[in-house]
Amino acid sequence: MTTPVLAAEGLHKSYRLGRTEIPVLKGVDLQVLPGEMVALLGMSGAGKSTLLHLLGLLDVPTGGAVRYDGAATTGLSAAARARLRHRHVGFVFQFYHLIPELTALQNVLLGKMMHRSVLQYLGERRQVKQQAIDLLTQVGLAQRLRHRPAELSGGERQRVAIARALMTAPRVILADEPTGNLDSATAEGVIELLFQINQERGIAFVIVTHNEDIAARCHRTVRLRDGRVVN
Amino acid sequence: MYRLFLALRYLLTRPINILGMLGVTLGVWALIVVVSIFSGFIAVVTEHIRSAGADLSLLARDGADSPFERERPAQPLDEHKLRELLEADPDVAGTAPRLVHFGLVHRRGHRPPPPPLLGRSALQGGDVPFLFVLGIDPAREATATGFRSWLQVRDPALAVADPDDPLRRIDDLPTMLLGEERMRAEGLKPGDKVVLTTGRVAAGNVAATAIEPLHVEFAVAGAYRTRHGGFDGNNLLVDLVTLGKLLRPDQAHPVQELSIRLHPGADLTAARNRIAELARQAAGTRPGETGPVVRTWRERNQSLLQSVEHQRALMKIVLIVIMVVAAFLMYATLSMMVAEKTGDIGILTAMGGSAFGIMQVFLSCGVAITLAGVLLGTVTGCLSAIYLEEFRQFVLGLTGVDLFPLKVYNLDRVPHELDPVWIAQVAAMAMLIGALVSALPALRAARHDPLVSLRGA
């Protein structure tokens, strides 16, 4: 049996608002196999983004566990979670979250700078830079390497964000409404790119979306309602 | 690597950082320039004071040089006996007796002006007619102080006619030497007649309670000039024997003070203690009794030197407040940066950045801004201190405004003394303050919830 690259086991998450405890996730189970594209659907407030953050180790569940390649992540220190996140997961967000002071190339390179000393990075600078250029070329931005986010369109920014996520060769990419801020034509191009990457690189995807068409193209759809998986 | 890279990008792409850096620069600059001017001023004042006195002064008793204590006259020193003892001391190069009195000087026929309020005396003393009258023996004075060089004044028209006998009588009148600036200010020239109005203890009044007025006509022999404007403005020099006869006709050698010059390299404190013991033995002073005392030149001018030192210390405190203001500016700059960069904090965390790493990004920015400010402040501070005189002359030539009126302090140029220890202390203090105030926003950045940034637009 294939080990899931990412698994959630009975995930619970609740937030406290004063003395009131508000449950957001109520025992979510999810498995993402290598190379699988999973669409996460649900109404606003269903807990999609919260689940994505828990899967990406950006937040700690109130109950249950998240496993990466079968290994539990429960009880890890913040630093260990950060290292694991860096190695295992890539993120693509609705609002791109590029660093405005950096060019497209520098934004992509930033991923490789994480968890490397200055000397380590300088030692492999040429290869890393070429890798970043190749990725930006693959996402169709070969002519926009030196442009800053403010000089790029929404679609181009999202492509830079995708290239950045790919830079660390993650096992899985968590995409939170990656087309939610784009017009339909641009969104179509971005989705095409995600599917192309999935096919070429075998990277698994968890895509949060409201778009049923996108969900239909994925290998599997998971629906969340009131903090529970309903299908 | 990303910490250094991002810190560098944040620094280079945000012009507001220059404001934080300039705040630190200004604080460091002010601390270096103002304190170096004060230090230079203290060094110059010390040198000036040194030029106007002997190494040691043997006084008839403690407080004998105070106008208040003078109401209770000290037993005059046995100058001959002391001279013999002192000249046997290996450290003593010369001694000179002095009689110290006070009086008002005015032109003949003019009413003497009222004495000034107690404690009021300009640094140069040029605005008060109240003077200390020092009775000196010119030949002996030259062996104990720089008296010969004092006679070399700037204006040859005010110089004494015969430096070898500067207090020679003129028109059968006793003569006096006045400070050059005072002579110029009062329009006096050698040969002018003036009246010294003073008082003396009435003959036979042992308790010294009855003072009788004394008006004596003098001729001005010429001017003297030490480098200590305060001394020149407040003292006139007359012949010791002449003054002694005027004040104490019943005493052959009334001496209140003995100026002592030591050989170069002599230990001032050790010599002071040894000579004080000698003098007390010579006077037959028993333990617990008031007797002759010896003071070093520094002790005699302690109040002036301490006053300037105190002003320097006060100025340091004021300037450190500027550093505190600069620190607030740094804090504001870094806080703004953190507030603007909360979005970046979210994505950096998502990419695998740790809270500690994010703190380092912002702390590095703060430390780099502080370091740049400290370096710029130190370099400009040192250059400003060194070239302040040239700058003063430039401004004076351009606008006519004198930023630092040298004449008031009897200076040739704006003084400065760069103390490497102080500069290092300022730089270290600025770095410490910069790091501390940077740490607060950096910690806030590290504790920022990345999910808040990632959820927002």
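The values are calculated or read from the model by the stated rules, or taken from the named source; none is laboratory data. Please read these numbers as outputs of a predicted model, since none were measured by experiment. Please note: Cβ atoms are built from the backbone with ideal geometry, for glycine as well, and neighbour counts cover all protein chains shown. Heavy atoms of the whole protein, side chains included, go into the accessibility calculation; ligands, DNA and RNA do not. Shrake-Rupley method; radii C 1.70, N 1.55, O 1.52, S 1.80 Å.
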Could you grab the pairs with beta carbons closer than 6 Å, sequence gap of 6+ or different chains, first residue in segment B:343-358 and more than 7 Å from chain A (Cβ to nearest Cβ), second one among the polar types (S, T, N, Q)?
-> B:ILE345/B:SER453
Determine whether segment A:93-111 contains at least one residue that is free of Cβ contacts under 8 Å to residues at least 40 places away in the same chain, surrounded by 21 or more Cβ atoms within 10 Å (Cβ to Cβ) and under 29 Å from A:ARG228 (Cα atoms).
-> no
Out of B:LYS316, B:LYS341, report the one residue that is basic (Lys, Arg) and open to solvent by 50 Å² or more (accessible area, probe 1.4 Å).
-> B:LYS316
Filter result for A:GLU36 (in contact (Cβ under 8 Å) with a residue 12 or more places away in the chain, open to solvent by 70 Å² or more (accessible area, probe 1.4 Å) and touching a strand residue (DSSP E or B) at 6+ places or on another chain (Cβ under 8 Å)) = no
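Can you tell me which residue among B:GLY63, B:GLY27 is at pLDDT below 85, touching a helix residue (DSSP H, G or I) at 6+ places or on another chain (Cβ under 6 Å), within 30 Å of B:GLN306 (Cβ to Cβ) and away from chain A (no Cβ under 14 Å)?
B:GLY63
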Can you give me the ranges of the helices (runs of 4 or more DSSP H) entirely in segment A:116-215 with at least 3 residues that are within 12 Å of chain B (Cβ to nearest Cβ), open to solvent by less than 60 Å² (accessible area, probe 1.4 Å) and closer than 18 Å to B:ALA350 by Cβ?
-> A:154-166
Might you let me know whether segment A:64-81 holds any residue that is crowded, with 19+ Cβ neighbours inside 10 Å, more than 8 Å from chain B (Cβ to nearest Cβ) and touching a residue at least 60 places away in the same chain (Cβ under 8 Å)?
-> yes
Given the conditions (1) closer than 20 Å to B:HIS110 by Cα; (2) open to solvent by 50 Å² or more (accessible area, probe 1.4 Å), which single one is not true for B:LEU196?
-> (2)
Residue that is nearest to the other protein chains (Cβ to nearest Cβ) [pool: residues in segment A:45-63 that are in a loop (DSSP other than H, G, I, E, B) and touching a residue at least 60 places away in the same chain (Cβ under 8 Å)] | A:GLY56
Residues of segment A:82-103 that turn out to be at the interface with chain B (Cβ under 7 Å from one of its Cβ atoms) and in contact with a strand residue (DSSP E or B) (Cβ under 7 Å, 6 or more places away or on another chain), as a count = 2
Select, from B:ARG227, B:ARG286, the only residue that is out of contact with any Leu (no Cβ under 7 Å at 6 or more places or on another chain), assigned to a loop (DSSP other than H, G, I, E, B) and under 30 Å from B:ASP412 (Cβ atoms).
-> B:ARG227
Residue among B:LEU436, B:LEU418 that is at pLDDT 90 or above and over 29 Å from B:THR226 (Cα atoms) = B:LEU436
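Can you name the residue in segment B:240-253 that is surrounded by fewer than 23 Cβ atoms within 10 Å (Cβ to Cβ) and in contact with a helix residue (DSSP H, G or I) (Cβ under 9 Å, 6 or more places away or on another chain) and is also nearest to B:LEU85 (Cα to Cα) among such residues?
B:HIS253
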Those residues of segment B:100-142 which are open to solvent by 30 Å² or more (accessible area, probe 1.4 Å), modelled with pLDDT under 75, in contact with a helix residue (DSSP H, G or I) (Cβ under 9 Å, 6 or more places away or on another chain) and hydrophobic (A, V, I, L, M, F, W, C), in sequence order | B:ALA122, B:LEU123
